[in-house]
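Undergrad: To start, I am sharing the structure in question, which I have written as structure tokens.
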Amino acid sequence: MSVGRWLRRGALTVAVLAALGAAAAAWHVHQKLPQRDGELQLSGLSAPVTVRYDEWGVPHIDARNEDDLYRALGYLHAQDRLFQMEMLRRLARGELAEILGPKLVDTDRLFRALGIRQRADELAAASAAITAQPGATRALYAYLDGVNQYQATRPAPLEFEVLGIPKRPFTAADTYSIAGYLAYSFAAAFRTEPALTAVRDQLGPDYLRIFDLDWHPSGVLEPQALNAPPGRFPDVAPMLARLAAVGDQAAALAGLPQFEGSNAWVVSGSRTVSGKPLLAGDPHIAYSAPAVWWEAHLRTPQFELYGHHLALNPMALLGHNRRFGWSLTMFQNDDVDLIAEKVNPANANEVWYQGRWVAMTARQETLKVKGQPDQVLTLRRSPHGPIVNDALPGDRGERPVAMWWAFLETENPVLDGFYRLGRADTLDRAREAASLVHAPGLNIVWANASGDIAWWAAAKLPLRPPGVNPAFVLDGSTGEADKPGFLPFSANPQEENPARGYIVSANFQPTGDTPVPGYYNLAERGRRLDGLLSQGKRWDIHNSQALQLDVQTDYGPRVLRPIIPLLRGSASVEEQPLVEALVRWNGAYKADAVAPVLFQQFTAELLRAALKDELGEAQFENLRRTRALDHALPRLMADAESPWWDDRSTPQRETQTDIVRRAWKAAVAHLQATLGPDSATWRWDAVHTLTHEHPLGRQKPLDRIFNIGPFPVPGGHEVPNNFAQRNGSGPWPVVYGPSTRRLIDFARPQEALGVNPVGQSGVWPDAHYADQAALLAQGRYRREWLDEADVRAHSSGLLVLKP
């Protein structure tokens, strides 16, 4: 996405600073760096708060009580991440165009239309009445006070000056809005349902055979036929394609994390060297500078937690102490339904709902645009939810499409859930905390030092009428879009202390007779982890590292197996060694391997040749951004009679053989043009690199200042070491992957291992801006200090916050 105007201003501002002279510029930048030593005043404290910073810039905070603890936490978090907080709240509340200009209007319209801002304001208004009660809400307001005191008393971050961002207080509504943005980033339905509906309604059921979205009660088995209703809404496909494209623009904003997947597992003491549970986790999130997580070790006389925090959130979403700990993966349940409304021919403001015409409501919001007049948006809502058409400018007379979203329709006391999870040392307490997470859906993988292990799929799961497949746009004039209620939490997929002695969570469909519609990831990553964990070895903190860094699954060989004879027939004599490299390939994305290079380019060309002529450019690009295509590819390869093989742009009828040959030739030609004629140099690490991009780093020469990388890395899409690349032509930059890697053996939790993708600080050129980037890329870890003796021994700064 082009953001040239505001980035050119950024380049000019930095150039002006440089022109002031190196000494003056250095002094100016130095004033903005975090203070990690000495004394500072913080109003509202009841007693001094002591903060020891370790060698990685992690604060170890000692406070007398929780009010002081969370007020200090907010101040310290803002020191490192104020710009990240500002950008995330503006994205979530639809306020980016106010500082970045008209190119961000479409993104702002999208987030206004989703209803996040309105729902967040409602939640904030309700929370204001209970701030006197101990708990999550009181902690939130103390934390926000600390954030605001930092902003009011310290120089603005460099990015604020570059972009002309005015300071304004952070509020509870901002925190709730960011929670809504994160829920949106989890919701694959926004991308998948438009694409699948277009396939169904424009192409027909024969084209749907390659997709696998049905529920498999025994778990993820061999692909089965998709039970899809006939096409009904070809008229909404173009609008939904545009809507998905706007959502993709939001995802392209560097520094604003998108949640993509995750690994987590826990092994009971019966299968570990130490005899105590071992917890592992690496949530998969889009890479950026600064990183998504910010670490802090919190202590009062009654409470201790080493936690990983998101911007503007006082509750750790990942955490551990000596008694227990947990990690997260995405549940991938479908908690969004898109619903095509039937409009009254006599009144365009009425839709047919439960047997009668019902008027849609409307509200107006003002959208500020830098350098242009304000825009007034009219945002409609039907009985099913917000009308998503209103995210797009102009009235095209299209059928209104409403959105039912669990985030908007449930109580969702998620802050309270994580507040309690941070204090949940028993199964009962952890289960109760998990039940408070309604949206987005999360898998909570938990263990304690007493020997318990557990997993809960945490979400408020809606009941849907029998036979309804929410993978497609639903008909609002019938009862199929109705929600009779929600399942009780006890009916959610979950396990506690299973006999097998371990639990794996890797975004695949869980087992169970009760269907939970969702957009689950490929099963191969989970199968790989399950297969290795089921071996007879005993696990410890050392061999668990190899498991987190594993780069192999069976997906690539499974895709290629049916077409190996066609590949051999497509390749020239000189190209036969390349085909045989694919034949011998075990699916490992090793740094020095040629097979993953061939596989990625070949499948990109094949999908383009097979699908693009039917879908068109917009829908093809939309489908490429969904997990549905991961599931479809091996089924397409195994179906030589699929109608996708015919190229509609030619008069003759193409076969699978024709398309495979075309794709192979195009792949080899692209690699030769890109990497050179010598295939011996076609190494995976030459084309698969990780760069952590800062929002200002999208404009040269600022990329050389603010961006971190590139780093050559192994791994790839949907292997355990999930340094994932998008489908398309090489080279393949990594777009998301392990946002941290954590390993905790509860025999010695004070020796827990972790890593941050870049560093604690989001303030350039702070010493902790990029000091962990090489560790992550090289598969290395560092200690997460818990013991007081270790904290003191590794202290690099002592900051005292005084009343």
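What follows draws every value from the coordinates through simple rules; no lab data is involved. From a predicted model like this one, the values you see are computed outputs, not experimental measurements. Using ideal geometry, Cβ is built from the backbone for each residue, glycine included, and neighbour counts are taken over all protein chains shown.
Undergrad: Would you order W265, W56 from fewest to most other beta-carbon atoms within 10 Å of each residue's own beta-carbon?
TA: By the 10 Å Cβ count, ascending, the order reads W56, W265.
Undergrad: How compact is the stretch 402-555 by the rule of thumb for globular proteins, expressed as Cα Rg over 2.2 N^0.38 Å?
TA: This ratio for the stretch 402-555 stands at 1.20.
Undergrad: Count the net charge of all other residues whose Cβ sits under 13 Å from the Cβ of G247, scoring Lys and Arg as +1 and Asp and Glu as -1.
TA: Combined, the nearby Lys, Arg, Asp and Glu give -1.
Undergrad: Determine the gain in length on full extension of the stretch L487-E398; use 0.36 nm per residue of separation and subtract their C-alpha separation, reporting nm with one decimal.
TA: Full extension of this stretch gives 28.6 nm more.
Undergrad: Using only the Cα atoms of the stretch 351-411, what are the Rg and Dmax in Å?
TA: 13.9, 48
Undergrad: By its C-alpha gyration tensor, with a ≥ b ≥ c as the square roots of the eigenvalues, how is the chain shaped: rounded for a/c under 1.5, else prolate for a/b larger than b/c, else oblate?
TA: Judged from the Cα gyration tensor, the chain comes out rounded (a/c under 1.5).
Undergrad: Using a simple spin-label model with points 7 Å from Cα along the Cα→Cβ vector, what separation in nm is obtained for R429 and N586?
TA: Between R429 and N586, the label points sit 4.4 nm apart.
Undergrad: Which of the trypsin sites (Lys or Arg not before Pro) found in the stretch 387-430 are in a DSSP loop and have at most 12 neighbouring Cβ atoms, other than their own, within 10 Å?
TA: Those that pass, being in a loop and sparsely packed, are R396.
Undergrad: Here is a follow-up. Roughly speaking, what % of Cα-Cα pairs in the stretch 293-351 are separated by over 13 Å, rounded to a whole number?
TA: Cα-Cα pairs in the stretch 293-351 separated by more than 13 Å: 74 percent.
Undergrad: Taking amide hydrogens as modeled 1.01 Å from N in the peptide plane, which residues meet the under 5 Å criterion relative to D639, leaving out close sequence neighbours?
TA: Here nothing satisfies the definition.
Undergrad: In terms of the Cα gyration tensor, with a ≥ b ≥ c the square roots of its eigenvalues, is the stretch 502-570 rounded because a/c is under 1.5, prolate because a/b exceeds b/c, or oblate?
TA: Oblate.
Undergrad: Right, another one. Translational diffusion coefficient of the stretch 613-703 at 10 °C, 1.306 mPa s, Stokes-Einstein with Kirkwood Rh over Cα pairs, in µm²/s as a whole number.
TA: Estimated diffusion coefficient is 95 µm²/s.
Undergrad: How would you rank S490, S177, S642, going from fewest to most other Cβ atoms within 10 Å of each one's own Cβ?
TA: By the 10 Å Cβ count, ascending: S490, S642, S177.
Undergrad: Relative contact order, percent, of the chain when contacts are C-alpha pairs under 8 Å separated by at least 6 residues?
TA: Here the relative contact order equals 19 percent.
Undergrad: Just need the relative contact order of the stretch 366-416 here, percent rounded to a whole number, with Cα pairs under 8 Å and 6+ apart.
TA: Answer for the stretch 366-416 is 25 percent.
Undergrad: Would you pull out the residues with amide H under 5 Å of I453's amide H, same chain only if 5 or more places away, H placed 1.01 Å from N?
TA: Hits under the 5 Å cutoff: N497.
Undergrad: Can you compute the label reach from K665? Point 7 Å from Cα along the Cβ direction, backbone N cut-off under 11 Å, restricted to the stretch 574-617.
TA: none
Undergrad: Continuing with the same structure: Between R653 and D235, what is the label-to-label distance in nm when each label sits 7 Å out along the Cα-to-Cβ direction?
TA: Modelled inter-label distance: 3.4 nm.
Undergrad: Here is a follow-up. I want the antiparallel fraction of DSSP beta bridges within the chain, as a percent rounded to 5.
TA: 90
Undergrad: Which of rounded, prolate or oblate describes the stretch 513-672 when judged by the alpha-carbon gyration tensor and an a/c cut-off of 1.5?
TA: In terms of gyration-tensor shape, oblate.
Undergrad: Then there is this: Report the relative contact order of the stretch 107-190, percent, no decimals, based on alpha-carbon pairs under 8 angstrom and at least 6 residues apart.
TA: 40
Undergrad: Based on a Kirkwood Rh over C-alpha pairs, give the Stokes-Einstein translational diffusion coefficient of the stretch 705-803 at 4 °C and viscosity 1.567 mPa s in µm²/s.
TA: The estimated diffusion coefficient comes to 82 µm²/s.
Undergrad: Right, another one. Around E574, under 14 Å between beta carbons, what's the net of Lys plus Arg minus Asp minus Glu among the other residues?
TA: Neighbourhood net charge equals -1.
Undergrad: From the helices alone, meaning DSSP H stretches of at least four residues, give me the mean residue ellipticity at 222 nm for the chain, per-run term -39500 (n - 2.57), in deg cm²/dmol to the nearest 500.
TA: -11000 deg cm²/dmol
Undergrad: For a bin width of 10 Å, list the pair-distance distribution of the stretch 406-449 built from all Cα-Cα distances, rounded to whole %.
TA: 30, 53, 15, 2
Undergrad: Something else now. Of K612, K460, K537, how do they rank once you tally other Cβ atoms within 10 Å and put the fewest first?
TA: Listing K612, K460, K537 from fewest to most nearby Cβ atoms yields K537, K612, K460.
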